[in-house]
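The values are calculated or read from the model by the stated rules, or taken from the named source; none is laboratory data. Every value quoted in this text rests on a predicted model; they were computed, and no experiment measured them. In this analysis, Cβ positions are derived from the backbone assuming ideal geometry, glycine residues included, and neighbour counts consider all displayed protein chains.
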2 protein chains.
Amino acid sequence: MALVFPRFLTSSLSLASSSSPRPQIFASSAPSSPMDITPRKYTDFPFVSAPHRNLMVDLVSTMENRLESQLKPCTLPSDVQYYYTPSGASHGSLYIRSGHSSSQVDFVLGSWIHCKLPTGGALNITSLSAYLNASTDAPNFLIELIQSSPTSLVFLLDLPPRKDPVLYPEYLQTFYENTQLESLRQTFEKLPEVQPYYSSALYIRCLTSPTSIMIRINTEGAGEGRMEEIIKDHVDPVAKEALRIWLEQCACGHRSVDEAGKAYLEKRDGLIKNKTIEIDIGSSFPRLFGPDIASRILEVIREAYNG
Amino acid sequence: MALVFPRFLTSSLSLASSSSPRPQIFASSAPSSPMDITPRKYTDFPFVSAPHRNLMVDLVSTMENRLESQLKPCTLPSDVQYYYTPSGASHGSLYIRSGHSSSQVDFVLGSWIHCKLPTGGALNITSLSAYLNASTDAPNFLIELIQSSPTSLVFLLDLPPRKDPVLYPEYLQTFYENTQLESLRQTFEKLPEVQPYYSSALYIRCLTSPTSIMIRINTEGAGEGRMEEIIKDHVDPVAKEALRIWLEQCACGHRSVDEAGKAYLEKRDGLIKNKTIEIDIGSSFPRLFGPDIASRILEVIREAYNG
């Protein structure tokens, strides 16, 4: 999850800098109503707009329908599938399904988090990613929507490469040129509300493909409902097309990988996972959920990564 | 040269689609005055604005002063150091100095081209790049300014990595995090005239570092002289600081490279050079200068690349 977790957002929410060292985060915000801790599951996406929720639900169901026979059920404990801080200010859901040993899918990982902001608004992050194993070198899949206000959305969509495209130009051609992913990226260049988004971590920037969509959508000053319109008319169809390409060309395509290729993939995949935890979610999760919840969630993610 | 040659510009100037198949390119434009074919050298930068010329002259002299004892003189034939089409519409200069065998510098390559456009304007490209050899794995240096009108400039500045940063995170830290190159890139985010620039070739995009500056500056509608102001106040100091970092940390730093590392660098460097010629300058040069001049210039570049 949160392959490119937005440190610019979470740093301002740091628990470490709070006078209250334990999970009573955002103690200054009003206590939540009992409704807020009604058990929720990953596919509820309970705190986001309808177009945002519909997109995520459609992506999860498309992915699961296509890969169903390859995936084991989600067996995470209930306090990982849904977790929240005692104050009720922060909620999250984690969802992992591993692939059967015969599948090219290593695991599929979905997540949402919702954190009330001291300013009165809320941070909502929804993500879905899929990792393939070393029986194929095809790219992974990642989508993430990070909404920090009704008028501000960071949208990340990519098929992150699993080989150095500089050293393997034919890889670039197969998965990025022939698939016309660039035309999806260009869709957003025409929208005046769109600016490029740069992760503050340089390592995270290096993980993306040359056709990755890494943008910040700002609808401040535009009419009400413009963000929902952009999600429905632009984010939704582009994300679905990218997932269709990934399912056909990557998850369900065949690639022959020799022993040396397998070792290369295992080394590179492993490094990415370790570095991602180290520099990204490993520091942002404790800030948002406190050390106890964070260590519970991170342990599960580490297990999936090292599966 | 022209590591990221702008195909969006040169494709509109294609000789291939012209009815005149030989070097009489831009036959529709007015013949040049005799002054236009006065022999010129690389450091003249004769067709660009004063701040643009001053920057390039300063960069070349800074690089040559620092590396002087390591570089052989430029021994290119005079019709490569300065070349032009019979109509006088297109001029160019190429400048290459190889490093001595004891140096970490493979070669330094400078170039400018000036092509009259059918629309009455001109395309001016100035570039300076430096390639290190396999005795070090430190990044190369590249700067390129592509001016297609008085109000439109593409500015490319990078220390292109020579190893996959995903697989070598300590490489990223040494050359990109510790050097604070990111702060140089961020300088341009604040200017309203600046937009990101994407090479149309995905392979070229993959060659850049996470702190590369790849921007298009558009001053249309701004006051006269705004482009020169941006070059003088922003492009100039940033380019000089990047060159200073490169000279200190890369060209004159020490890195130990074992035999396996050397083989990796030679393979990756070689691939980049071959692909760059194949997809980039190999197709743009014939379009701009016709097949005869292009083959003369490209042969020299190929020799430098494979030397």
> How many of the residues in the stretch B:171-206 are outside any helix (DSSP H, G or I) and not hydroxyl-bearing (Ser, Thr, Tyr)?
Replying inline: 9
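Here are some residues: B:Gly121, B:Gly92. Which one is in contact with a strand residue (DSSP E or B) (Cβ under 8 Å, 6 or more places away or on another chain), under 27 Å from B:Lys232 (Cα atoms) and crowded, with 22+ Cβ neighbours inside 10 Å? Steps first, please.
Details: B:Gly121 fails: crowded, with 22+ Cβ neighbours inside 10 Å.
One residue alone meets the criteria, B:Gly92.
Go through the stretch B:254-291 and give me each residue that's of a type outside the set (S, T, N, Q), under 19 Å from the mean Cα position of the chain (by Cα) and away from chain A (no Cβ under 14 Å). So that I can check it myself, show each step before the final result.
Quick first cut of the stretch B:254-291, residues of a type outside the set (S, T, N, Q) only: B:254-255, B:257-273, B:275, B:277-282, B:285-291.
Filter once more, so that each one left must be under 19 Å from the mean Cα position of the chain (by Cα): B:269-273, B:275, B:277-282, B:285-289.
Those that are of a type outside the set (S, T, N, Q), under 19 Å from the mean Cα position of the chain (by Cα) and away from chain A (no Cβ under 14 Å): B:Ile281, B:Gly282, B:Phe285, B:Pro286, B:Arg287, B:Leu288, B:Phe289.
Residues A:Ser135, A:Ser127, A:Ser148: which one is outside any strand (DSSP E or B) and either in contact (Cβ under 8 Å) with a residue 12 or more places away in the chain or over 21 Å from A:Phe289 (Cα atoms) (or both)?
Criteria check complete, one pass: A:Ser135.
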> Looking at B:Val166, B:Val154, which one is at pLDDT 95 or above and either over 24 Å from B:Gly110 (Cα atoms) or within 11 Å of chain A (Cβ to nearest Cβ) (or both)?
Replying inline: B:Val166
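Of all residues in the stretch B:230-243, how many are in contact (Cβ under 8 Å) with a residue 24 or more places away in the chain and out of contact with any Pro (no Cβ under 7 Å at 6 or more places or on another chain)? Don't jump to the end; show me each part of the working.
Of all residues in the stretch B:230-243, those in contact (Cβ under 8 Å) with a residue 24 or more places away in the chain come to B:230-232, B:234-236, B:238-243.
Those left that are additionally out of contact with any Pro (no Cβ under 7 Å at 6 or more places or on another chain): B:230, B:234-235, B:238-243.
The qualifying residues number 9.
Would you check which residues across the stretch B:169-180 are under 18 Å from A:Lys273 (Cβ atoms) and facing another protein chain (nearest Cβ under 9 Å) and list them? It would help to see each step written out before you state the result.
Let us first name the residues in the stretch B:169-180 that are under 18 Å from A:Lys273 (Cβ atoms), namely B:169-170, B:172.
If the condition is that a residue be under 18 Å from A:Lys273 (Cβ atoms) and facing another protein chain (nearest Cβ under 9 Å), then B:Pro169, B:Leu172 are the ones that fit.
Name the one entry in A:Glu224, A:Glu220 that is more than 14 Å from every other protein chain (Cβ to nearest Cβ), in contact with a Ser or Thr (Cβ under 8 Å, 6 or more places away or on another chain), over 30 Å from A:Ser102 (Cα atoms) and in a loop (DSSP other than H, G, I, E, B).
Numbers: A:Glu224 fails: in contact with a Ser or Thr (Cβ under 8 Å, 6 or more places away or on another chain).
None of the other options fit; the residue is A:Glu220.
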> If you go through the stretch B:292-299 one residue at a time, do you hit one that is surrounded by fewer than 15 Cβ atoms within 10 Å (Cβ to Cβ), assigned to a helix (DSSP H, G or I) and within 14 Å of another protein chain (Cβ to nearest Cβ)?
Replying inline: no
> Hey, among the residues in the stretch A:113-151 that are touching a Pro at 6+ places or on another chain (Cβ under 7 Å) and more than 14 Å from every other protein chain (Cβ to nearest Cβ), which one's farthest from A:Ala89 (Cα to Cα)?
Replying inline: A:Leu142
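Given the options B:Ser103, B:Ser98, name the one that is in a strand (DSSP E or B) and of a type in the set (Gly, Ala, Ser).
Numbers: B:Ser103 fails: in a strand (DSSP E or B).
So the residue among B:Ser103, B:Ser98 that is in a strand (DSSP E or B) and of a type in the set (Gly, Ala, Ser) is B:Ser98.
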> In the stretch B:273-286, is there at least one residue being loosely packed, with under 15 Cβ neighbours inside 10 Å and modelled with pLDDT of 95 or more?
Replying inline: no
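Which count do you get for residues in the stretch A:181-210 that are within 23 Å of B:Leu181 (Cα to Cα), touching a residue at least 24 places away in the same chain (Cβ under 8 Å), at the interface with another protein chain (Cβ under 8 Å from one of its Cβ atoms) and not aliphatic (A, V, I, L, M)? Step through it out loud before you land on a result.
Step one: filter the stretch A:181-210 for residues within 23 Å of B:Leu181 (Cα to Cα), giving A:195-210.
From the residues that got through so far, the ones that are touching a residue at least 24 places away in the same chain (Cβ under 8 Å) too are A:197, A:199-201, A:203-204, A:207-210.
Cutting the leftovers down to at the interface with another protein chain (Cβ under 8 Å from one of its Cβ atoms) gives us A:203, A:207, A:210.
The next check asks that each one be not aliphatic (A, V, I, L, M); those that pass are A:203, A:210.
Selection size over the stretch A:181-210: 2.
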> Does any residue of the stretch A:189-209 turn out to be over 17 Å from the mean Cα position of the chain (by Cα), over 27 Å from B:Ile204 (Cβ atoms), surrounded by 15 or more Cβ atoms within 10 Å (Cβ to Cβ) and among the charged types (D, E, K, R)?
Replying inline: yes
